[in-house]
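To start, the structure under review is shown below, and the notes come after it.
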């Protein structure tokens, strides 16, 4: 940004980011970052930044799961629409999570800590870039670009909406090229929302950790909402001791993403559904498979868990409707009628409507068609619908009833 533009922005009271924050003359002190947090100062062409590194071998478990991918990536790759290069080189993906000065983003927010993990021979390498002072941001962004060299994609948790746009904006501000342009991206938050919309009260990563991964965070953990203030406090006091908890929080987030992706590769590719499986865990998978056009796989899993007589309260009737329609389009009337009849027995309107169509147009059983059409009419008439919607629905059903009666009358006995 040229000086004249910066001057105009300053006169308007607009800050342009980390370069507006004065840097201290030195970083030394009894509780400086270098003293409290083991790491190293690395130099880039645009200045220094602080790097912390750890390594985890293949046997390391995070909760109940390994950090390494143990299943097949195919379904996740299809869902994430990965490029051919990304699909074939998951080992070249980087897990990424940031800690920032503002949870809501915005032009004045920047990432003071970036946690990263990637696979290497024998296990996983975990790296953190930490700003000892905001004046080192350009050096950190440069180091981050060097770290991302050769990566084919990133794995985040809400990174599409937050982490990556924020980092991209900081690269623009510093007139640097972002390393995240055109990379494949697996945002696990969106997959978690799909899979556990009904199962989990919250799909926050901390809740997914507890309920799915069986991870228990230690006493060093700090709540995410406190992180920005803890960094601001550090800038005032230069006491880095509280930041150890922030680094732990970030580390756990990154490792949990690796374990969670492993969970999905294992559990979304099972060819057989365990007898003890909860239907709530598998209806979202059926929906996902249907979205991807993998109807045969969806049907197989659906038939394994669809037992409305045993647990009608657990049935996802929207999924049942969709798969019933798959059977209908394939003229698999045995399975289609099975689904629609179960729906009608459980007071699902689409069940009566589809059975009325089946008996009228396929089975040519007009008595049956009339029964289901009139049952649908009674059900809809009792609903609390707006006048226009009610009128349209009743008109449509009545039109079917009138047509069925005419066919019934003209049908040979």
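Listed by position, the helices (runs of 4 or more DSSP H) contained in the range 179-295 that have at least 3 residues being under 30 Å from residue 168 (Cα atoms) are 188-195, 205-208, 227-237, 243-267.
Can we say residue 237 is more than 18 Å from residue 158 (Cα to Cα) and under 18 Å from the mean Cα position of the chain (by Cα)?
Values: more than 18 Å from residue 158 (Cα to Cα): yes; under 18 Å from the mean Cα position of the chain (by Cα): no.
No; evaluated as a whole, the condition is false for this residue.
Considering the conditions (1) loosely packed, with under 14 Cβ neighbours inside 10 Å; (2) touching a residue at least 40 places away in the same chain (Cβ under 8 Å); (3) closer than 27 Å to residue 197 by Cβ, residue 313 is excluded by exactly one of them, (2). Scan the range 370-391 for residues that are surrounded by 12 or more Cβ atoms within 10 Å (Cβ to Cβ) and either out of contact with any helix residue (DSSP H, G or I) (no Cβ under 8 Å at 6 or more places or on another chain) or part of a helix (DSSP H, G or I) (or both) and the total you get is 12.
The rows are residues; the columns are (1) surrounded by fewer than 18 Cβ atoms within 10 Å (Cβ to Cβ); (2) in the same structural domain as residue 217 (by TED's automatic domain parsing); (3) at positive phi; (4) in contact (Cβ under 8 Å) with a residue 60 or more places away in the chain.
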position: 55; (1), (2), (3), (4): yes, yes, no, yes
position: 69; (1), (2), (3), (4): no, yes, no, yes
position: 81; (1), (2), (3), (4): yes, yes, yes, no
position: 89; (1), (2), (3), (4): yes, yes, no, yes
position: 129; (1), (2), (3), (4): no, yes, no, yes
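When you scan the range 10-29, do you find a residue that is in the same structural domain as residue 230 (by TED's automatic domain parsing), at pLDDT 90 or above and surrounded by 14 or more Cβ atoms within 10 Å (Cβ to Cβ), even just one? Scanning the range 10-29 turns up no residue that is in the same structural domain as residue 230 (by TED's automatic domain parsing), at pLDDT 90 or above and surrounded by 14 or more Cβ atoms within 10 Å (Cβ to Cβ).
Would you point out which residue out of 328, 364 is in a loop (DSSP other than H, G, I, E, B) and under 20 Å from residue 400 (Cβ atoms)? Steps first, please.
Working: 328 fails: in a loop (DSSP other than H, G, I, E, B).
That would be 364, the only listed residue that is in a loop (DSSP other than H, G, I, E, B) and under 20 Å from residue 400 (Cβ atoms).
Looking for whichever is touching a strand residue (DSSP E or B) at 6+ places or on another chain (Cβ under 9 Å), surrounded by 19 or more Cβ atoms within 10 Å (Cβ to Cβ), closer than 24 Å to residue 194 by Cα and at pLDDT 95 or above here; the options are 243, 255. Which one fits? Please lay out each step first, then the result.
On the way: 243 fails: closer than 24 Å to residue 194 by Cα.
Result of the check over 243, 255: 255.
The values are calculated or read from the model by the stated rules, or taken from the named source; none is laboratory data. No experiment lies behind these values; they were computed from the predicted model shown. Cβ sites come from the backbone with ideal geometry, for glycine too, and all protein chains shown count toward neighbours.
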